[in-house]
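To keep things clear, I will list the structure first and then write my remarks on it.
The values are calculated or read from the model by the stated rules, or taken from the named source; none is laboratory data. Small disclaimer: the values here were computed from a predicted structure and weren't measured. All accessible areas refer to the heavy atoms of the entire protein, side chains included, with ligands and DNA or RNA removed. Shrake-Rupley method; radii C 1.70, N 1.55, O 1.52, S 1.80 Å.
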Amino acid sequence: MLYQQIAKNKRKTVLVMAGFVFLAGLIGAAIGYAFMGSAQTGIIIAVVVGIVYMFVILGQSTDVVMSMNNAQEITEQQAPELWHIVEDMAMVGKVPMPRVFIIDDPSPNAFATGPDPEHAAVAATTGILQRLNREELEGVMAHEVSHIRNYDIRLQTYALALASVISFLANMGMNAIWWGGGRRDDRDNGNAGQVIMLLLSVLAIILGPLAASMAQMALSRNREYLADASAVELTRNPQGLINALRKISMSEPMQNADPSSASMYIANPFKDGSWTHLFDTHPPIEKRIDRLDRKSTR
């Protein structure tokens with residue numbers, strides 16, 4: 001059952017990442033057609049911008065994400081229990097010891113980030129250290145180490161980079177629209193087909209970032225179930241993670257979490273509850289607990 005879930009999540013991940021690339025190309029083509037008269041030129045611009053963003057973000061993603069979430073790196077002496085739990089889970093998961101950070105926030109939460117296991121880091125809030133016992137904290141850190149082991153952190157980094165590319169391209173297109181861009185010859189000659197294509201291009205520029213956000217959230221939801229199942233493999237104790245998720249679900253939202261990093265946390269730092277699950281960054285905690293409960297009774 002676990003390996004079937006892994007295979008299913010991998011297929012969904014490929015589809016979501018393909019969707020990101022398609023969106024970037026679509027917005028690039030829209031900008032090229034609307035403002036330069038060439039969709040191909042726009043696609044080339046999107047590819048170049050995407051490659052530059054990838055290199056920049058992958059090169060310093062850990063420090064950037066931690067800085068955006070006001071996380072401070074700590075040593076073993078500053079938080080020995082957290083440090084040793086992370087060390088134990090990394091050893092069991094057979095990944096290098098990640099860097100450890102703490103976020104000063106009373107809401108219990110945690111996340112992992114980094115371009116690969118060799119350059120990974122985990123962060124925990126002060127709230128999670130205060131409210132969870134050792135068994136529960138082990139479940140949470142096993143979940144985060146599982147994200148590292150399963151290379152979810154790389155996928156999330158790619159998704160963050162691509163979403164940034166899409167937002168950058170959309171902003172560039174919107175600025176051109178605001179300052180009177182668009183091919184004047186198409187507006188003046190009254191060609192209905194060209195006007196429709198121009199309007200569709202503008203629509204793609206406007207809606208592209210929304211679609212990118214939805215794709216990023218879908219990617220996060222697909223990987224959470226897998227990380228939960230992998231965490232149980234590491235701890236051999238589903239109850240620890242179950243109890244941790246229950247405590248986290250009953251807590252208040254975080255105060256200063258970065259919105260673009262919300263999908264990386266073990267639970268949505270702003271709390272789910274939108275009018276459609278398309279906009280949830282995580283699967284409902286009740287469903288995650290139900291899956292873990294079924295696993296613990298086998």
In terms of modelled amide H atoms, which long-range or inter-chain residues lie less than 5 Å from the amide H of SER107? GLY127, GLN255
Amide H contacts of ALA267 (H built 1.01 Å from N, under 5 Å, at least 5 apart or other chain): ALA110
Please list, in order along the range 258-271, the HN-Hα scalar couplings obtained from phi with the Karplus expression 6.51 cos²θ - 1.76 cosθ + 1.60 (θ = phi - 60°), rounded to whole Hz, x for Gly and Pro. 7, x, 6, 9, 4, 5, 7, 5, 5, 9, 3, x, 9, 6
Using a 1.4 Å probe, how large is the accessible area of VAL48, given in Å² and rounded to the nearest 10? 80
Explain nothing, just compute: Karplus ³J(HN,Hα) = 6.51 cos²θ - 1.76 cosθ + 1.60, θ = phi - 60°, for every residue of the range 18-31 in order, whole Hz, x for Gly and Pro. 4, x, 4, 4, 4, 4, 4, x, 5, 5, x, 5, 4, 5
Give me the Debye-computed log₁₀ of I(q)/I(0) at q = 0.14, 0.19, 0.21, 0.26 Å⁻¹ for the range 74-143, equal point scatterers on Cα only, no solvent, two decimals. -0.36, -0.69, -0.85, -1.30
Excluding residues fewer than 8 places away in the same chain, name every one of the aspartates and glutamates whose C-alpha is closer than 14 Å to that of LYS271. GLU252, ASP258, ASP280, GLU286
If you rank GLU286, GLU233 by how much accessible surface each has, with a 1.4 Å probe, what is the order from largest down? GLU286, GLU233
